[in-house]
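So the structure is just underneath, and the comments pick up after that.
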Amino acid sequence: MAMPPYSLLASNAMTDKRILVIYTGGTIGMQSHPNGLAPGGNFATRMAAALTQLPIAQQQALPVYDVISYATLIDSSAATPLTWQQLALDINDQLTSYAGFVIIHGTDTLSWTAASLAYQLQGLDRPVVITGSMLPLEAPDSDALANLHGALKFAATPSLQEVAIYFAGQLLRGTRAIKQHSDAADAFTSPNYPLLGKRVGDDFVYYPSRGLGQQQRGAPRFELPDYRLVNQGEVVRIVLWPGITAWQLDTWLGDSRVKGALLQLWGAGNLPNDPGLLDVLAKASGEGKLLAAISQCPKGSVHLGAYAAGHGLSDAGIMAGDSMTPEAAFTKLAHLLAQPLTLEDQRQRFLTPLVGER
Ligand code: ASN
């Protein structure tokens, strides 16, 4: 007797391995409108059509997936902490129904969303892979199909147990990635941490020894605080420039609405030798504001106190962000400030690696 093409067991196994694709917008789904490119709908059909362009063997090796589209599709410049929170809530709601998740996102703030999700989805026991593209899905020579393909493949890799970005053949840790190029397909880099995986020929290779999967113990410990508490400008990012003055710094840090700040210093942690600047910082941290510093250099780490000019930073209560990306440091401040923690706990948790971000 001939066997049916799929046994019941096989189809159950397929269900166990389903991937949920969440479409938020971005260039990948954009279509021409009279005012320029804008996010287009009907993504599930368009994605399925694009995937039929893969060689048959690759199509057959794709995981089964469902697609949900957000009601309001955005260019990722419109993302806010509430967008990050919505994604985390949706993943939390669907967690046990899917083996992995692919988030389709605009590239401009993709690494911010990735970093924020990593803090919200601590202890994640399955893949969450964020991707997008530099050219729309239907554009000639688009990078969209290759990115969707790789994202689906890695989202179906159970040993990947963290929030990662798949882009241009590379799998990057979500808390370690930055957008480095405004035009090239190879738009993302991970300046201070090796790739979690990559495409090698037709294979998608994951390096488990670099991943968080091995640290994963027990049930996920998601933290889903109310990000409305950090959605009105409570956290600011200040990138130093030559000639910055104390009054300028105070304009930001002295505002009672500001609860935390990320400072981007020069080099290994240098700032102008102006006692007025340190006074402003000390006053803000004395008022209970959470202040952290990283470097403006994408590679390397800050060492507060390495230079005489930067020596007073630790005394002023500034926490060293080591080699964290701006995205990872900023979203971590926001994540900690959204929770009812004491200042001491917030400081201690900022300085502790939570999801491989430092
Ligand atoms: N402006 C777009 C966005 O971030 C850029 C892109 O997706 N390539 O939504």
Revision key, fill the gap. per DSSP, antiparallel bridges as share of beta bridges in the chain, % nearest 5, sits at 35 percent
Study note, to complete from the structure: Per its Cα gyration tensor (rounded if a/c is under 1.5, else prolate when a/b beats b/c, else oblate), the chain is best filed as prolate
Practice item. Please give the contour-minus-distance gain from Asp186 to Val205: 0.36 nm per residue of separation, less the Cα-Cα distance, rounded to one decimal in nm. Key: 5.1 nm
**Study point:** Helix-only mean residue ellipticity at 222 nm for the chain, each DSSP H run of n ≥ 4 adding -39500 (n - 2.57), per residue, nearest 500
**Key:** -8500 deg cm²/dmol
Check your understanding: Considering only region 146-277, what is the antiparallel percent among its DSSP beta bridges, to the nearest 5?
Key -> 70 percent
**Study point:** Alpha-carbon centroids, region 73-133 and region 205-251: separation in whole Å
**Key:** 14 Å
Exercise for review: At 7 Å along the Cα-to-beta-carbon direction for both Thr72 and Thr342, put a label point, then send me their distance in nm to one decimal.
Suggested key: 3.9 nm
Study note, to complete from the structure: Neighbours of Asp108 by Cβ distance under 9 Å: Lys/Arg at +1, Asp/Glu at -1, summed charge 0
Practice item. Per residue of region 254-271, in order, report the coupling 6.51 cos²θ - 1.76 cosθ + 1.60 (Karplus, θ = phi - 60°) as ³J(HN,Hα) in whole Hz, putting x for Gly and Pro. Key: x, 6, 5, 6, 7, 10, x, 8, 9, 9, 10, 7, 8, x, 7, x, 9, 8
Practice item. Count charges around Asp125 for me, please; just the other residues with Cβ under 13 Å from its Cβ, Lys/Arg as +1, Asp/Glu as -1. Key: +2
**Study point:** Those chymotrypsin sites (Phe, Trp or Tyr not before Pro) in region 83-121 that DSSP places in a loop and that have at most 10 other beta carbons within 10 Å
**Key:** none
Point to revise | Inter-label distance for Ala268 and Asp90, nm, one decimal - labels placed 7 Å from Cα along Cα-to-Cβ | key: 4.5 nm
Exercise for review: Would you mind calculating the gained length between Asp226 and His33 on full extension (0.36 nm times residue separation, minus the Cα-Cα distance), in nm to one decimal?
Suggested key: 65.9 nm
Revision key, fill the gap. In terms of the alpha carbon gyration tensor, root eigenvalues a ≥ b ≥ c, rounded if a/c is under 1.5 and otherwise prolate when a/b exceeds b/c or oblate, region 226-268 is oblate
Check your understanding: Where Lys and Arg each count +1 and Asp and Glu each count -1, what net charge lies around Asn192 among other residues with Cβ under 11 Å from its Cβ?
Key -> +2
Study note, to complete from the structure: Rounded to the nearest 0.05, FRET efficiency between Arg18 and Glu287 (Cβ-Cβ, R0 51 Å) equals 0.55
**Study point:** Where labels lie 7 Å past Cα in the beta-carbon direction, separation of Trp252 and Arg349 in nm
**Key:** 2.4 nm
Exercise for review: Estimate the FRET efficiency between Val64 and Gln216 by the formula 1/(1 + (r/R0)^6), using the beta-carbon distance for r and 30 Å for R0, to the nearest 0.05.
Suggested key: 0.80
**Study point:** the chain, relative contact order [Cα under 8 Å, separation at least 6], %
**Key:** 14 percent
Review point. Just going by the charge dipole of the chain, with Lys and Arg at +1 and Asp and Glu at -1 on Cβ, which of Ala329, Thr109, Ile28 is farthest out on the positive end?
Key: Ala329
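Laboratory data are not the source of any read-out in this text; all were calculated from the coordinates shown. None of the values given here were measured: they were computed from a predicted structure. Neighbour counts run over all protein chains shown; Cβ positions are idealised from the backbone, glycine included.
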